[in-house]
Amino acid sequence: MAKPKISFICQSCGAVYTRWQGKCDACGEWNTIVQEQVDAGGGVGGGPMMARGRRKGRASELLSLAGESDEAPRVVSGIDELDRATGGGFVRGSALLIGGDPGIGKSTLLMQATAALARRGHSVIYVSGEEAVAQVRLRAQRLKVADTGVKLMAETNVEDILATLNEARRPDLVVIDSIQTLWSDGVESAPGTVTQVRTGAQALIRYAKASGAAVILVGHVTKEGQIAGPRVVEHMVDAVLYFEGEGGHHYRILRTVKNRFGPTDEIGVFEMGDSGLREVANPSELFLGERNASSPGAAVFAGMEGTRPVLVEIQALVAPSALGTPRRAVVGWDQPRLAMVLAVLEAHCGVRLGSHDVYLNVAGGFRISEPAADLAVAAALVSSLSGSALPPDCVYFGEVSLSGAVRAVAHAGQRLKEAEKLGFRQAVLPALGPDVGRPLDGRAFEVETLPHLVARVA
Ligand code: TYD
Ligand code: MG
């Protein structure tokens, strides 16, 4: 038996060091490096240390690229918001990671998903390492899904889980809640450390491929990085979804960040209520719900999340600063992107904001990643500075370049259609292509440069 090896592993990114250090050079996090004992046989995450039981390789069959291949077979839950985020259902024989803050609703979502699948005749196993059977049953009762035939197992040992799964007759889907509770016999480190998480995840991914079951791994993200974040698992699995929400808001967003079998950037929107998560079929209505259209500094952005248009309000507050260095605070958008829009407003439009504090907020706690929001942000900033409200029935979208030009963005037609559906009658946007026609009865105003927008708004 080889001697156990001591390694120092960053719990945030998984980088391995031979000695302890305060800061991880790979990801820049502090105090995340923890001593772990690695079984030389297993290696760190099955690394190159295959010292034990060396065997001769077996020749494998070489195949051509052409040949029979079916669409990825899927397990469809019937919960539209979930199926959209997974790209049309969970894929058999693949592993999917659902990450999110503790308490955001991952277990609730998966309990509802497994129940929906069981109702459609699929055999589903829910492995709870985090909660006792009684707790899971209580949740199932609260969600009114206790009678659906989901099989439950409260277990944290990887070998025991695999033994049980192999005995169960070919489940269609297995949920592991959560990977941080897993521990494997061969690994000395505590549950939740990188080595344990990686070893457990690897074994379950192998099980998924071999058995053809869809395996869902739940992972908590902690800001402190003390517990191995699911980031080390992200590279190993086929799809990664994040379940997000803002404190104080009831809605939750399931966001696809990686998907080998479907599009990324998709979102599913849910609302957390007394009896679980409810689907939100029209998120724009939710995000525009508490809108105060008559106040200066608010602009409605017609955005896209994956294949779906989402309208959100962007709120800006520009106020004279008492400080030498004025404040710039952003919630829900990119700080460098705001700095760029401010610089373009200064340089090309004569809008002086150098002695003003600037606060920018995306209403409802939504997070935007699209550069297409530039134009709406600029409109909100100018409106706040001038103190005059923007037309309440107008939407904005378009990307701004450093030269001040307004660039076209994808899916203009879809954005406009959504705006029209929600009662908006005008839009300010980049030059439309010839195939879009004459949307909003000609009240879609094309702006070629940011100065054009400022002239319209101010
Ligand atoms: P949970 O699914 O346990 O979160 P996670 O698995 O991500 O840690 O959900 C936790 C929160 O959701 C908890 O604060 C209670 C709330 N909740 C509801 O508001 N309604 C419900 O029907 C359920 C089941 C939970
Ligand atoms: Mg949970």
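Please treat every number below as a calculation from the coordinates, not as lab data. This one's a predicted model, so the numbers in the text were calculated from it and none came from an experiment. Ideal geometry is used to build each Cβ from the backbone, glycine not excepted, and the neighbour counts take in all protein chains shown.
Cβ-to-Cβ counts within 10 Å put GLU420, GLU244 in ascending order as GLU420, GLU244, the fewest first. Sorted on the mean count of surrounding Cβ atoms within 10 Å across their residues, most packed first, peptides 315-325, 156-166 read 156-166, 315-325. Below 17 Å, Cα to Cα, which aspartates and glutamates can LYS5 reach? Residues fewer than 8 away in the same chain don't count. Result set, ordered by chain and number: GLU36, ASP39, ASP185, GLU188.
Peptides 55-64, 137-146 ordered by packing proxy, namely the average of other Cβ atoms within 10 Å per residue, highest first: 137-146, 55-64. Could you state the angle between the C-alpha long axis of helix 335-349 and the longest principal axis of the C-alpha atoms of the chain, as a value from 0 to 90 degrees rounded to the nearest 10? So the inclination is approximately 20 degrees. Across the chain, Cα pairs under 8 Å and at least six residues apart give a relative contact order of 12 percent. For the Cα trace of the chain, dividing Rg by the Kirkwood Rh returns an Rg/Rh value of 1.04. Only Lys, Arg, Asp and Glu carry charge here, each on its Cβ (+1 for the first two, -1 for the last two); on that basis segment 286-457 has a dipole of about 120 debye about its Cα centre. Straight Cα distances below 23 angstrom link LYS106 to the lysines LYS144, LYS151, LYS223, LYS258, with same-chain residues fewer than 8 positions distant left out.
DSSP beta bridges fully contained in segment 286-457 are about 60 percent antiparallel. Each of SER284, ILE368, GLY324 was scored by the projection of its Cα onto the charge dipole of segment 263-374, and the greatest displacement toward the positive side belongs to GLY324; charges sit on the C-beta of Lys, Arg, Asp and Glu. Taking only alpha carbon atoms, segment 74-281 gives an Rg to Rh ratio of 0.93, where Rh is the Kirkwood radius. Just report the Cα centroid separation between segment 68-139 and segment 315-338, whole Å. Here the two parts' Cα centres lie 40 Å apart. Sorted on the mean count of surrounding Cβ atoms within 10 Å across their residues, most packed first, peptides 272-278, 78-84 read 78-84, 272-278.
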